[in-house]
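To start, the structure under review is shown below, and the notes come after it.
The values are calculated or read from the model by the stated rules, or taken from the named source; none is laboratory data. Remember, it's a predicted structure, so these values are computed and weren't measured experimentally. Neighbour counts are summed over all protein chains in view; Cβ atoms, including those assigned to glycine, are modelled from backbone coordinates with ideal geometry.
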Amino acid sequence: MKRFVYINDDESSPTHGLYCDNRISNRKYTLFNFLPKNLMEQFSRFMNQYFLLIACLQLWSLITPVNPASTWGPLIFIFAVSATKEAWDDYNRYLSDKTANEKQVWIVRKGIKQHIQAQDICVGNLVWLRENDEVPCDLVLIGTSDPQGLCYVETAALDGEIDLKTRVIPSACTGIDFELLHKIKARCY
């Protein structure tokens, strides 16, 4: 089955159900799965399983003279501290994702540049980037202000390399002025 990408053509583009959206989500938990998922993670550690076994055995008064609260109290405290830390870390990931998703980017639609949120970028949108802009999604370079059609990209956030990587526009796009690129409509597969 061929999948088509309609470039700058929202009317005939059925891609809104075919492709995933551009929303970033690095969260580990939701409100509904936090407790079970966190407990599973806690009990996947051997030491926590061991201390749970000891705490359960201390509930049996025939084999232990020790008050069960002396074991259950610290165990519950450690689990609560660990769960609180995980919840805090996940909340910070949520805030970071929200900032990235709500970042304003320029796209060109029907020949007009407009601001949208990065999470609303769809497959086939023409994204307009300027110098030092963060790239909000995977892109194909079709135009640049450089006369040789060159673009320099820093990928330090992806691979840690601080050297600029050179990208060149396809030869078919060389020499096309921006006004024509803004109005381009195409179907690719």
Legend entry - Condition met for residue 135 (in a loop (DSSP other than H, G, I, E, B) and either under 20 Å from the mean Cα position of the chain (by Cα) or farther than 30 Å from residue 43 by Cβ (or both)): yes
Legend entry - Selection count, the range 152-164, where residues are loosely packed, with under 10 Cβ neighbours inside 10 Å, outside any helix (DSSP H, G or I) and of a type outside the set (A, V, I, L, M, F, W, C): 2
Inset, instruction - Take residue 59 and decide whether it is in a helix (DSSP H, G or I) and among the aliphatic types (A, V, I, L, M). - result: no
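Output the residue which, of all residues in the range 68-83 that are aromatic (Phe, Trp, Tyr) and free of Cβ contacts under 8 Å to residues at least 24 places away in the same chain, is surrounded by the most Cβ atoms within 10 Å (Cβ to Cβ).
72
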Inset, instruction - Pull up the range 7-18, narrow it to residues that are surrounded by 13 or more Cβ atoms within 10 Å (Cβ to Cβ) and at pLDDT below 80, then point me to the one that is nearest to the chain's Cα centre (by Cα). - result: 15
Inset, instruction - Quick one: which residue in 126, 141 is surrounded by fewer than 17 Cβ atoms within 10 Å (Cβ to Cβ), of a type in the set (A, V, I, L, M) and in the same structural domain as residue 176 (by TED's automatic domain parsing)? - result: 141
Inset, instruction - Could you tell me whether any residue of the range 160-180 is within 20 Å of residue 105 (Cβ to Cβ) and under 26 Å from the mean Cα position of the chain (by Cα)? - result: yes
Legend entry - All positions within the range 165-188 that are part of a strand (DSSP E or B) and among the charged types (D, E, K, R): 165, 167, 187
Inset, instruction - Could you please find all residues in the range 90-115 being among the β-branched types (Val, Ile, Thr) and exposed (fewer than 15 other Cβ atoms within 10 Å of the Cβ)? - result: 99, 112
Inset, instruction - Working only within the range 25-65, note down all residues that are among the aliphatic types (A, V, I, L, M) and loosely packed, with under 11 Cβ neighbours inside 10 Å. - result: 31, 40, 47, 53, 62, 63
